[in-house]
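Worksheet: the structure to be examined is printed underneath.
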Amino acid sequence: MDILGITITTGAVIATLNATIRQAIPITLGSQSGLLSERSSIVNIGIEGMMLMAAFSGYMMNSYLSGSDISTFADDNMRLGVCVLVGVLTGGLMGLFHALLCIRYKVDHIISGTVVNILAAGVTGYFYNAQTETKGKIPPLISNPWEKGDFLYNVGAVLFDKDIITYLTFVIVGFIAFALFRTVWGLRTRSIGENPRAADTLGINVYRLQYTNLFFSGALAGLAGAYLTLADVGVFERGMTAGKGFIALAVMIFGKWHPVGALMGALLFGFLTALQSQLQFFGIVVPHQLVALIPYAVTVIVLAGFVGRARPPAHVGQAYEVE
Amino acid sequence: MATIAKSGAVKGPPVPSIVTKIVNSLRDLSNTLLIPALAILTAILVGSVMILLAGRDPIAAYTGLVEGAWLEPRGLVQSLLKTSPLILSGLAVGFAFKGGLFNIGAQGQLIVGSVAAAWAGYAFSGLPSWLHIILAMGAAALAGALWGAIPGALKAYSGAHEVITTIMFNFIASRIAEWMISLGSADGKIPAGPLADPNSGAISRTKPVLDSARLPVVFEVPPPSVPNLNIGLFIAVAAAILIMLLVNRTTFGFELRMVGLNPSAAQYAGVNVKRMTISTMAIAGCLAGLAGAVQTLGINGYYEANQSLGLGFDSITVSLLASNNPIGIMFSAFMFGSMDQGTTRMQRTGVAPELILVIQALILMFIAAPQIIRWLYRVRVSGKGGQKLSTGWGQR
């Protein structure tokens with residue numbers, strides 16, 4: 001098919017869609033992480049660092065368990081499951097650390113997040129050893145059931161051959177959307193984001209809920225990190241998150257602090273990022289650096305409110321003092 | 001003794017003698033320096049644990065750090081060379097803080113300034129040296145100011161939070177700079193970037209800056225060492241003093257601090273908060289742009305990709321360590337410049353340079369949460385507590 005002189009092939013379309021999903025997963029998880037945190041009135045710009053730390057710990061665990069002297073973890077699924085868990089827990093602990101600084105020590109949320117980011121860049125860079133090896137990453141959950149050549153095969157190539165975290169991400173988004181607006185926990189969380197004083201008066205333990213939610217916020221960022229090193233790329237690189245945590249925050253704002261809206265935003269950003277690597281398949285020749293800046297530029301445009309005004313949780317970014 | 005005290009009491013409140021004044025001001029000084037000093041000490045101790053964890057010798061590592069940074073003329077000059085851009089970029093962060101803005105964009109503003117200085121440095125030939133330097137520095141300042149003013153304007157008119165927009169502008173600046181110096185594809189389908197040096201071999205960088213635009217050397221290091229101390233350091237020190245005067249001694253500075261403390265009150269008092277936001281970010285960007293110029297015209301002689309990676313992060317810590325005080329920034333910048341220079345020697349003892357990042361993050365954390373330090377060392381200090389920065393996304 002030719003449109004405006006650009007050749008569009010089925011292969012290129014499938015590749016672009018797959019790259020879109022691949023790019024959108026960590027951003028989606030990051031945006032859900034930011035959402036849980038901000039709905040609890042804590043700004044979390046440390047998502048980037050939490051992701052990086054979890055990507056690192058998950059990968060190092062994988063490398064350790066892949067060692068020849070560890071025989072009990074001969075089962076690949078067992079080994080990778082433990083690694084993902086380590087990544088998620090690392091993220092959760094980083095979330096608690098951020099919460100501790102923000103709640104107990106009343107550190108400005110943005111400074112605390114910056115501490116998390118610099119600390120993660122330092123610790124992972126310091127302990128990373130380029131000579132590590134693993135027995136491989138998470139395999140696809142369901143393989144494409146259709147035959148090659150069949151039209152459905154093309155649909156299957158997008159829907160299947162994905163790892164478990166990819167599917168889990170969509171489930172998580174649905175779950176958070178349900179929990180946030182249909183459960184007691186959700187109502188309480190939203191209330192401490194809007195007016196912690198009122199919530200406190202009604203007997204909600206504001207700090208405890210903030211700590212809990214920040215643990216889950218960190219855990220989600222951790223899952224995003226684990227996805228990078230255990231499912232997507234398969235190896236760790238210094239600074240490999242490359243701004244995904246910040247884009248996730250922008251996506252969260254784009255989605256107006258709603259889980260499903262954030263997912264839509266993440267898919268849009270995933271698509272823009274995917275274009276960069278896929279343009280050449282469409283036969284378009286542009287300096288890749290200029291294409292690479294599109295997602296960042298769009299983030300700015302989104303933030304500037306050209307896609308409609310969004311209202312953040314009223315109490316976000318402010319310390320709350322229990323009386 | 002008793003009579004003297006009595007006669008003093010009769011004459012009204014005792015006039016503090018010069019000695020008590022000095023003692024008091026020294027006590028104030030030690031109070032303000034105690035927390036940063038203990039923060040640095042604690043961070044270094046935690047760093048030692050990390051060195052031990054990696055199976056290395058902390059004493060050897062830190063000795064290497066100090067030796068490499070200070071104990072020989074070459075190291076000291078290198079430390080000072082690394083200090084100069086850090087002072088300017090630290091000021092870029094600190095000045096914005098005074099106006100209540102968190103400028104994480106020093107990195108991008110610095111890159112834009114670097115590229116502009118490099119371009120002006122080679123594109124104009126036949127100029128007298130002083131004019132060429134002013135031209136190149138001016139180009140860098142202007143480019144940086146513009147790169148800072150855009151997020152400022154976005155904040156003022158649409159409420160887009162500067163933390164995210166400036167981070168995005170960092171990425172955008174670095175991609176544009178990469179494109180400008182890219183060599184193009186081998187088959188010639190993608191042309192080389194507009195500023196790329198075709199004679200650089202396979203290295204992506206701009207054409208070299210002409211000699212007339214290089215910053216004059218002040219102190220020559222005895223051979224065989226190459227880098228010499230140039231006037232960049234003095235430009236940075238002058239900028240710090242100017243910024244101090246601007247913040248503390250002018251109407252503009254007063255309004256700036258007013259907006260920083262309480263934008264609503266400033267608005268009510270008749271300050272144009274929107275305009276202040278834009279000018280604060282423009283001046284901050286201008287300072288970071290100058291940092292890039294000092295780097296390009298004084299040290300590298302061209303713009304090279306990733307030449308100042310991490311300077312932006314460092315400048316945040318530099319500024320916060322000095323409580324955003326312009327004069328204090330000079331000293332914390334010297335400390336960080338020295339740390340950066342010393343890592344090369346430290347690396348020889350088998351310690352990865354990222355250790356410095358960990359130490360910086362810890363220093364930042366202890367400064368922002370002084371209660372931890374007070375609890376650790378059981379000290380009572382009348383600290384000012386943490387900074388207030390978060391104003392939410394889209395509120396002002």
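Remarks
- Chain B, helix-only ellipticity at 222 nm - DSSP H runs n ≥ 4, -39,500 (n - 2.57), divided by all residues, nearest 500: -22500 deg cm²/dmol
- Shape of segment A:169-248, Cα gyration tensor, a/c cut at 1.5: prolate
- Between segment B:156-228 and segment B:70-143, the C-alpha centres lie 12 angstrom from each other.
- Those trypsin sites (Lys or Arg not before Pro) in segment B:219-291 that DSSP places in a loop and that have at most 16 other beta carbons within 10 Å: none
- Global form of segment A:77-194, assessed from the alpha-carbon gyration tensor, a/c cut-off 1.5: oblate
- Here the Karplus relation 6.51 cos²θ - 1.76 cosθ + 1.60, evaluated at θ = phi - 60°, turns the backbone of segment B:340-355 into coupling constants of 4, 5, x, 4, 4, 6, 4, 4, 5, 8, x, 9, 5, x, 5, 4 Hz, with x for every Gly and Pro.
- Sorted by Cβ density within 10 Å, fewest first, the residues B:THR317, B:THR166: B:THR317, B:THR166
- By definition, a body whose alpha carbon gyration tensor gives a ≥ b ≥ c is oblate when a/c is 1.5 or more and a/b is not larger than b/c, and segment B:152-274 fits this oblate description.
- One equal scatterer on each Cα of chain A, no solvent, Debye formula: the resulting log10 I(q)/I(0) at q = 0.09, 0.10, 0.11 Å⁻¹ is -0.49, -0.60, -0.72.
- Cross-link partners of A:LYS148 among aspartates and glutamates (Cα-Cα below 15 Å; sequence separation of 8 or more within a chain): A:ASP161
- Note on segment B:20-153: Cα-Cα pairs beyond 19 Å make up 72% of the total pair count.
- For segment B:82-321, alpha-carbon Rg over 2.2 N^0.38 Å: 1.05
- Burial ordering of B:ASP57, B:ASP211, fewest other beta-carbon atoms within 10 Å first: B:ASP211, B:ASP57
- Number of Lys-Lys pairs in chain B with C-alpha atoms under 18 Å apart and a separation of 8 or more places or on different chains: 6.
- Based on Cα contacts under 8 Å between residues 6+ apart, chain A shows a relative contact order of 38 percent.
- This ranking places B:TRP119, B:TRP130, A:TRP146 by how few other beta-carbon atoms lie within 10 Å of each, fewest first, which gives B:TRP130, A:TRP146, B:TRP119.
- With the convex hull of the Cα atoms taken as the outline of the protein assembly as shown, the averaged projected area works out to 40.5 nm².
Laboratory data are not the source of any read-out in this text; all were calculated from the coordinates shown. A quick note: this is a predicted structure, and the numbers were derived from the prediction, not measured. Note that we place each Cβ from the backbone using ideal geometry, even for glycine, and neighbour counts take in every protein chain shown.
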